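Input: a single structure, listed below in structure tokens.
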Amino acid sequence: MANKIIIGIVIGLVVGLVLGIAISAVIKLPAKSGTGTNNQVQVSGTVTPAYGDTVNTMYFQNLNGTFETSAPLVNGQYSVLLLGGQSYNVFDFQPRSTGTGDYNTFYVPLGVNTYTENIVPID
């Protein structure tokens, strides 16, 4: 009698484990993305073009050159998803290195979802 109970418990545990693995493989929770995830910050603001340039796209590169992205310029305004806790060089052309951009460098703080930075040329 005791052997039947132990065998029943073992079979129940094995079946429960197999069902748990099968269900977890089928049910996938959606991955979080966007603002607030992994220190991502929605940064927006206005741009004063450098030296009277006609600018359509702004490029953002962190100071160590490991992250780069771009944003279209619409009516003198931009909006881009950047990583918080980092400083960025800003270019109005595709960066080829980690050199200084044509615009003032700015810092995106940690722990915020949105941040406003109006971009102006370096004097």
Sort the following peptides by mean Cβ neighbour count (other Cβ atoms within 10 Å, averaged over residues), highest first: 103-114, 84-95. 84-95, 103-114
Leaving out ligands, DNA and RNA but keeping every protein chain, what accessible area does residue 63 have, in Å² rounded to the nearest 10, with a 1.4 Å probe? 90 Å²
If you count only protein heavy atoms and use a 1.4 Å probe, how large is the accessible surface of residue 79, to the nearest 10 Å²? 60 Å²
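The values are calculated or read from the model by the stated rules, or taken from the named source; none is laboratory data. All values derive from a computational prediction rather than experimental measurement. Cβ sites come from the backbone with ideal geometry, for glycine too, and all protein chains shown count toward neighbours. When the accessible area is computed, the model is the full protein with side chains, heavy atoms only, and any ligands, DNA or RNA have been set aside. Shrake-Rupley method; radii C 1.70, N 1.55, O 1.52, S 1.80 Å.
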